[in-house]
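Have a look at the structure below before the remarks.
The values are calculated or read from the model by the stated rules, or taken from the named source; none is laboratory data. In this text, all values refer to a predicted model and were calculated from it rather than measured experimentally. With ideal geometry, Cβ positions are generated from the backbone for all residues, glycine too; neighbour counts draw on all protein chains shown. Side chains are part of the model used for accessible areas, which takes the heavy atoms of the whole protein and leaves out ligands, DNA and RNA. Shrake-Rupley method; radii C 1.70, N 1.55, O 1.52, S 1.80 Å.
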Protein chains: 2
Amino acid sequence: MTRVSRRRLLGTGALTAAGAVVSAAAAPAAAARTAAAPAAPTAQTAAADVVIVGAGLSGLTAARDLIAAGRSVLVLEARERPGGRVYGMPLGDGTTSEGGAEFIGPTQDRIAALAKDMGVGTFPTYNTGKNVYYRNGQRSLYATDGLLGAVPPDWGVVDLEVALLKLGSMAKDIPVGQPWKAAKAEEWDAQTFYTWSRSNSLSSGARFLMDEFISSTLSVRSQDVSLLYVLNYIASAGNESNPGTVDRLIDTKGGGQESRFAGGSQEVPVRLAAKLGDVIHYNAPVRSIATDGGGVTVTADGLTVSAKRVVVAMSPAIAGRIDFSPGLPASRAQLMQRYPMGSICKFVAVYDTPFWRADGLTGQAVSDSGAIDATFDNSPPDGSRGIMMGFMNQANIRRLDGASADEVRAAGLASFANFYGDKAKSPVRTAFQRWDNEIWSGGGPVGIAPPGVLTGFGEALRAPCGPIHWAGTETSDYWTGYMDGAVRSGERVAKEVHAAL
Amino acid sequence: MTRVSRRRLLGTGALTAAGAVVSAAAAPAAAARTAAAPAAPTAQTAAADVVIVGAGLSGLTAARDLIAAGRSVLVLEARERPGGRVYGMPLGDGTTSEGGAEFIGPTQDRIAALAKDMGVGTFPTYNTGKNVYYRNGQRSLYATDGLLGAVPPDWGVVDLEVALLKLGSMAKDIPVGQPWKAAKAEEWDAQTFYTWSRSNSLSSGARFLMDEFISSTLSVRSQDVSLLYVLNYIASAGNESNPGTVDRLIDTKGGGQESRFAGGSQEVPVRLAAKLGDVIHYNAPVRSIATDGGGVTVTADGLTVSAKRVVVAMSPAIAGRIDFSPGLPASRAQLMQRYPMGSICKFVAVYDTPFWRADGLTGQAVSDSGAIDATFDNSPPDGSRGIMMGFMNQANIRRLDGASADEVRAAGLASFANFYGDKAKSPVRTAFQRWDNEIWSGGGPVGIAPPGVLTGFGEALRAPCGPIHWAGTETSDYWTGYMDGAVRSGERVAKEVHAAL
């Protein structure tokens, strides 16, 4: 059951959709705002029942459902593309590899339904063979199925399993999506996951693996995040019929990393955006949201929209950059100061073949050193070429703050060589996506809550502020942090807005 | 030594100064930007060696020093007034009472020197008599001098003193202003102050008072803040010759709350701003900072300034709302998501006389219930009328999110009546200042660091990003969170910028 290296990754997404009723009271030319120059006159205006900020999966889903309900919708997206944290990273040869959210697994029903509607198929994540365990400079292998695998890589794993069982048990007491209502919410939210993990383990092996559980799941250190947040994250790894479990959160087979999308996860938002069509306005970062007289005025670069309601389909941290007028209720305004994004870079190397497979390896590794602390086989389904993907998480990517592309590449390949041998040093090409440098995401995969935040401010995550509604994977009950949570949040907010109109 | 109720409050400040060389390549009329409408053409432009964002004490001090060094300076301030978190709150009768940072004490040399230069005198905070201890619905009194006072209000105080001694001892190992360099930094930053306080006390009395120490000092709950941050805060309560101590941090006599300013603390920034004159532009919130070709372009509502360097004299959380282009280094960008402001409201009631003095009370109270958890006598120096001031901190003010002014008033007076009797129910007038609702401060008194932030991102607090420099009390070594720290940060950044030009 040591499936710490069989892990999902990069949840979430926020895309842009299209295909709806827009009543554009258009004026002169659209203005391009540069950061250096004062905003040129913004001549273009539009009106809709609902304006949606962010064309990630949550915003696109909300648009889809509101349009289906007969509402006129307009989506404003800062980037030139839909998808938000779901992104097909160009490899430089005309193909892409997932640079952001990637996997799908059991109980992720809403992203599954959406993908099916979009005609995007799935295939199993490559998971045959043994995993690599790299610790204290030593490489060992372990089996990925059966109790602890055939050869436990570290006896701390026993200690770990006891701790994970405790976590799973505690998570059962979390009202999913409303962890602040748990009976022990105050106790659990008063400590970091680090504090809990040290009080509930003795071996350095277990402690390393618990830190790695947090790093590979949330891209932060275990001292950065509240125990309550982690318990809710576990509780959220399920659906209405199947309570969340640690295994389903971290596993490949049977868990959140079980499958991938044919053609890449970005196909889902890209096709949904294409269906929605010209209700989506790209290159339109929203700068201000004014509420007055029951309606809203949303001002983006080049376009101002009047609407009855607005859906902010963004992570709390990034939503906090918008100039709200009048100011939001304090609990919401201060929540947005307290829900930081993880620090993550996704690094891939392309090889002629997935050579690790011939060595009997899954392509999944876990490491305590180097720039990359977890890997996956990101090859196409037919294995016609090999793509190794590694996560540079938390302090590992911060150490590369300001590094050149060559430095990031060298660090990534050194990790791959530690795990998979010298062949890894000679890729055909490499690529990486630093989410910590993405202005419109501010990090990834998800916003996390330090201690005290969920109990002090959690209610403000979803509570509408007058005509302002909140979406995004952070607001989801199930699979928060994942694409499924993003879709769920879009479906929830569409109902909420429709009922309010 | 139970001086938990003898406490300072609301540190900091960021003001705007004036009186410098401005080369304004002026164009047509200044544009007023409303949140509801797209920005009108911003026709006014200007140039300076240095543009300073924020006219609080840090920005004003930086402007003063850079002008003295022969640099041309322009200050952009979002509000219509200087002072930032230093503010003379109108009482409605033509007078004011400190709505923000208020006190000055020993080793606060830099605010002392500035006040002297500005001709603003000081007087002792009223501190004669006993303090009120209100816990579990019971009111008791305790002496404010002598070991534990004549009658300890709670035997937990013994437990508390042991814990405070430990804290003071640990704080001696903090390299002030760079706590991430402490030998035990990782250990101390991995836990909340709550976790530490529960591991280092047994009595509910001590635990209440340690929570109250955090609430009254930082306006957050003890689970919200890293132990390392608190230790650095203690270490910072001193100067180069006198290492910081717990006593100096929390005491009235001999501590940070020892004295007040004649005419109110706001006189310091107001007079400095008046001296600086028209280099300060008010009502000019900065929206974007672009760096290109070695210089900066800073765009505020109605004014765009070209400069060689920019000083952002704001708290990290609020600085994070600015649109930086190109994006900042990830460590700085993510720091600004991780340094939230406390939740505070300052409430005052005005009476014909300071009637509590006749009852033998200092006007200082500490409470475990009600909206107000700490009070001070805010009367003028001659005692010609009585002004009682109370802090609504953390969860107490969040419970009043969205409350009407009448509701806040009723909650405040109920607390005052608990502490000082029925006379407190009949003030001549009341006033309050909610910093959690202040768009341009986002809370108060200071930005705090949850666990993991100082060790993970602390270096980014002060490190310049190309031509972008950082000031504000959060960046100070000594008296961070206080007016003194703000002045120190302004003096430090002025040297830094001058040397770089």
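Structure summary
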quantity	calculated
Modelled FRET efficiency - R0 30 Å, A:Asp422 with A:Leu202, Cβ distances, 0.05 increments	0.20
Interface burial for A against B (accessible surface, 1.4 Å probe, total of both chains, Å², rounded to 100)	4300 Å²
Cα centre as origin, Lys/Arg/Asp/Glu Cβ charges: chain B dipole, Debye	160 debye
Protection-proxy order for peptides B:161-167, B:409-415, each taking the mean of Cβ atoms within 10 Å per residue, highest first	B:409-415, B:161-167
Shielding by partners - mean other protein chain Cβ count within 10 Å, residues of B:321-333	5
Antiparallel content of DSSP bridges confined to the protein assembly as shown, in %, to 5	65 percent
Selection from A:Ala185, A:Gly360, A:His498, by position along the positive dipole direction of the protein assembly as shown (Cβ)	A:His498
Label 7 Å beyond Cα on the Cβ vector: A:Ala69 copy-to-copy distances, nm	5.8
Principal-axis tilt of helix B:267-276 within chain B, Cα atoms, nearest 10 degrees	10 degrees
Förster radius 30 Å - calculated FRET efficiency between A:Lys181 and A:Asn136, Cβ distance, rounded to 0.05	0.10
Per residue, in Å², the accessible surface of chain A once ligands and nucleic acids are set aside, probe 1.4 Å	31 Å²
Set of lysines with alpha-carbon distance to A:Lys495 below 18 Å, sequence-local pairs under 8 removed	A:Lys308
Shielding of A:443-453 by partner chains, average beta-carbon count, 10 Å	4
Charge sum, other residues only, whose C-beta stays under 11 Å from A:Ser265's C-beta, Lys/Arg counted +1 and Asp/Glu -1	-1
Accessible heavy-atom area order of A:Tyr87, B:Tyr420, highest first, probe of 1.4 Å	A:Tyr87, B:Tyr420
Net charge contributed by nearby residues that have their C-beta within less than 14 Å of B:Lys308 (K/R +1, D/E -1)	-1
Gyration tensor (alpha-carbon) shape descriptor, the stretch A:176-223, a/c threshold 1.5	oblate
Whether the stretch A:150-259 is rounded, prolate or oblate, judged on the alpha carbon gyration tensor where a/c under 1.5 counts as rounded	oblate
Teacher prompt: B:Asn200 distances to equivalent labels in other copies, 7 Å Cα→Cβ, nm	2.5
Cα-based shape type of chain B, given that a ≥ b ≥ c are square roots of the gyration tensor eigenvalues and the cut on a/c is 1.5	prolate
Label geometry 7 Å along the beta-carbon vector: B:Trp155 inter-copy distances in nm	4.7
Sites A:Asp292 and B:Glu407 - FRET efficiency at Förster radius 25 Å, r taken between beta-carbons, to 0.05	0.55
Mean Cα-pair separation over length for the stretch A:307-451, i.e. relative contact order, pairs under 8 Å, 6 or more apart, %	32 percent
Assigned charges on the beta-carbon of Lys, Arg, Asp, Glu; the stretch A:216-275 dipole about Cα centre (debye)	200 debye
Solvent-accessible surface (1.4 angstrom probe) belonging to A:Phe213, in square angstrom, nearest 10	10 Å²
Among A:Ile174, A:Thr252, A:Val157 - extreme Cα towards positive end, dipole of the stretch A:150-259, charges at beta-carbon	A:Ile174
Surface/4 estimate of mean projected area, convex hull on alpha-carbon atoms of the stretch B:212-369, nm²	14.4 nm²
0 to 90° range, to nearest 10: angle between helix B:204-218 axis and chain B longest Cα axis	30 degrees
Solvent-accessible area, 1.4 Å probe, carbon plus sulfur percent, for the stretch B:152-259	53 percent
Stretchable slack from B:Ala69 to B:Asp359, in nm (0.36 nm times residue separation minus alpha-carbon distance)	99.0 nm
Environment charge of A:Gly54, counting only residues whose C-beta is closer than 10 Å and scoring Lys/Arg +1, Asp/Glu -1	0
Net charge dipole size for the stretch B:152-259 [Lys, Arg +1 and Asp, Glu -1 on Cβ; Debye, nearest 20]	120 debye
Nearby aspartates and glutamates by direct alpha-carbon distance to A:Lys130 (threshold 12 angstrom, same-chain neighbours under 8 apart not counted)	A:Asp145, A:Asp359
Lys/Arg +1, Asp/Glu -1 at C-beta; the protein assembly as shown dipole; positive extreme among A:Ser325, B:Ala206, B:Gln337	A:Ser325
Number of partner chain Cβ atoms within 10 Å, mean per residue of B:190-200	5
